[in-house]
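Every read-out reported here was derived from the displayed coordinates using simple, explicitly stated rules and does not represent laboratory data. All values derive from a computational prediction rather than experimental measurement. Using ideal geometry, Cβ is built from the backbone for each residue, glycine included, and neighbour counts are taken over all protein chains shown.
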Amino acid sequence: MKILVIGAHGQIGRQLVQILQAKENCQVIAGLRSASQQEEYQQQNIMTAYVDLTKAQAQLEQVMQGVDVVVFAAGSGGKTGADATMMIDLDGAVKAINAAEKTNVSRFIMISSIKANDRGFWSDNVPPRAPESYYYAAKYYADEWLLHSSLDYTILRPARLINQPAIGKIQIASQLTQSIDDISITRADVAETVATIIESSRLHKQQFDLANGDTPIAQAVEQFN
């Protein structure tokens with residue numbers, strides 16, 4: 001199974017690439033936007049591809065030739081403005097989705113954000129000029145584009161991301177009921193959940209919230225309806 005991870009140099013993408021690289025049935029391609037990043041991964045014997053989400057869609061189509069699964073783990077980062085967020089998190093995602101459709105990619109996995117699907121939450125409760133407002137808008141419309149595509153999708157909406165060692169236990173639901181201030185998930189557990197989904201026959205054309213919880217990852221993936 002050939003898997004392209006877009007945003008492979010990000011904190012989740014980097015961990016996901018390492019997990020997939022260790023699996024015998026996976027051929028992972030790290031989608032990276034600079035020569036220095038590519039050189040770093042190539043030194044670890046990881047296959048790389050140049051992916052710049054601000055460039056033409058044709059570049060993405062070329063990279064996706066023969067790819068079975070695309071994981072969109074890219075993001076402009078918390079220190080950029082609305083322009084970068086819209087060009088990477090929204091327009092970059094749309095170009096990736098369109099390219100995946102044109103190249104007959106079997107599956108597209110989107111790492112989104114909790115509450116991104118709840119337009120009432122971010123449009124009514126987040127100040128219009130706050131960074132969160134355009135971040136949520138970008139995620140919402142990117143997810144909507146994927147939902148209305150022809151692709152076999154899975155959309156994960158992780159809770160607040162933290163840099164702690166993996167716990168190995170999660171909770172997933174169409175909508176988690178806890179306050180977003182009370183739940184979180186390690187980036188390592190998000191990466192492990194994505195890897196589990198890729199290997200699983202489950203969660204096709206599904207979207208859900210994701211946080212650390214009490215259920216082992218493989219079991220949570222298997223039990224979600």
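Residues in the range 186-225 near a label at Ala173, defined as backbone nitrogen under 14 Å from the 7 Å Cα→Cβ point?
Residues passing the 14 Å test: 208-215, 224-225.
Using 7 Å Cα-to-Cβ label points, what is the Ile180/Ile162 separation (nm, one decimal)?
In this crude label model, Ile180 to Ile162 measures out at 1.7 nm.
Gap in Å between the Cα centre of the range 1-78 and the Cα centre of the range 100-159?
20 Å
Given [x] 0.94; [y] 1.00; [z] 0.96, which label gives Rg/Rh (Cα atoms, Kirkwood Rh) as computed from the coordinates?
Computed from these coordinates, Rg/Rh (Cα atoms, Kirkwood Rh) corresponds to label [x].
So which trypsin sites (Lys or Arg not before Pro) in the range 60-159 end up in coil per DSSP with only 15 or fewer other C-beta atoms within 10 Å?
Filter output for the range 60-159: Lys79, Arg129.
Considering the options Ala166, Ala49, Ser106, tell which one lies farthest towards the positive end of the dipole of the chain, charges being +1 on Lys and Arg and -1 on Asp and Glu at the Cβ, about the Cα centre.
The one lying farthest along the dipole's positive direction is Ala49.
For the pairs Lys102/Lys139; Lys23/Lys55; Lys102/Lys169; Lys23/Lys102; Lys169/Lys205; Lys102/Lys205, flag any whose C-alpha to C-alpha distance is greater than 25 Å.
Lys23/Lys55; Lys102/Lys169; Lys23/Lys102
For the range 163-209, which trypsin sites (Lys or Arg not before Pro) are both in a DSSP coil and crowded by at most 12 other Cβ atoms within 10 Å?
Of the trypsin sites (Lys or Arg not before Pro), the ones in loops of the range 163-209 whose Cβ has at most 12 other Cβ atoms within 10 Å are Lys205.
What is the projected area of the convex hull of the Cα atoms of the range 12-121, averaged over all directions, in nm²?
Directional mean of the projected Cα hull area for the range 12-121 stands at 7.9 nm².
With only alpha-carbon atoms counted, please give the Rg and Dmax of the range 113-225, in Å.
14.1, 41
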